[in-house]
Amino acid sequence: MPEMTIKDVERIESILSDAGFDCQIELEQGSIIVIGPSDIVASEVSLQFASQLLNWVKPRRLGRVFDSAGGFILPNSDLKAPDVSFVSRSRLPRSVRYFATLVPDLVVEVKSQSDRIKKLREKIKVYLDQGVQIAILIDPDTCLVEVYRPDASVQTLGNGDILTVPELLPEWELVVEELWPVIFEDEE
């Protein structure tokens, strides 16, 4: 089978869109990967992370925050769309109407119900190998956050911990416990 390219991804997306299918496609080592929708817990956790990050980044004009629809063409020619990503303003002073041909500074992957943690960790390794400065894996099932850095260190955080990434966002803090969906009690 021949290796697929970004142009192939664009053609396939166009065909699927014309047929009424709305799905996300990534390109990995020349193969097309169709990404299905996330479960609502993973979606809520992603949105919570992105909201807290955007609320810090935007008023300080530090860069750009993207959701899972933002595609990045990495140096190895993969097309990836992390659940949440951040690019500093010096690296992307203006958004483009196309996939960004650069490596995000920060990527976040949130484990959905159908994901396997091993595959997500492999994806994190690819991001780091391609130049991502900080990669974060969030697992709503265990309520744990893993922070990966290029030096191969991994920091595991849980409820009661505060996530910081001082090398990218000095003074930004995220309380891990605030990522998880609220449970509404009947009495409320």
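The values are calculated or read from the model by the stated rules, or taken from the named source; none is laboratory data. Computed from a predicted structure; not experimentally measured. Note: ideal-geometry Cβ built from the backbone for every residue, glycine included; neighbour counts use all protein chains shown. Calculation scope for accessible area: heavy atoms of the full protein, side chains included, ligands and nucleic acids excluded. Shrake-Rupley method; radii C 1.70, N 1.55, O 1.52, S 1.80 Å.
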field: Karplus-derived 3J(HN,Hα), 6.51/-1.76/1.60, for each residue of region 160-177, Hz, glycine and proline x
entry: x, 9, 10, 7, 9, 9, x, 5, 10, 10, x, 6, 6, 9, 9, 6, 3, 4
query: When only C-alpha pairs under 8 Å and at least 6 residues apart count, what is the relative contact order of the chain, in percent?
result: 15 percent
- prompt: Based solely on its DSSP helices, what 222 nm [θ] is calculated for the chain when runs of n ≥ 4 H residues each add -39,500 (n - 2.57) and the sum is averaged over all residues, nearest 500 deg cm²/dmol?
  reply: -8500 deg cm²/dmol
Choice from 16, 163, 92 with maximal GNM fluctuation in the chain (Cα, 10 Å cutoff): 16
task: Identify the trypsin sites (Lys or Arg not before Pro) of region 80-183 meeting these criteria: DSSP loop state and at most 12 other C-beta atoms within 10 Å of the C-beta.
output: 94, 97, 116
query: Quick one: accessible area per residue over the chain, 1.4 Å probe, rounded to a whole number of Å²?
result: 59 Å²
task: May I ask you to list the lysines whose Cα is less than 21 Å away from that of residue 125, ignoring any residue fewer than eight positions away on the same chain?
output: 80, 111
Whole-angstrom gap from region 64-78 to region 106-134, using each part's C-alpha centre: 13 Å
- prompt: With each pseudo-label sitting 7 Å past Cα toward Cβ, what's the residue 175-residue 121 distance in nm, one decimal?
  reply: 3.0 nm
query: In a GNM of the chain with a 10 Å cut-off on Cα contacts, which of 135, 50, 152 has the highest mean-square fluctuation?
result: 152
task: Can you tell me the FRET efficiency between residue 33 and residue 96 if r is taken as the Cβ-Cβ distance and R0 is 30 Å, rounded to the nearest 0.05?
output: 0.85
- line: Listed by chain and number, the residues whose amide H is under 5 Å from that of residue 105, excluding neighbours fewer than 5 places away on the same chain and using placed H, are 86, 87, 88
task: Pick out which of 176, 45, 34 has the largest mean-square fluctuation in a Gaussian network model of the chain, springs linking Cα atoms closer than 10 Å.
output: 34
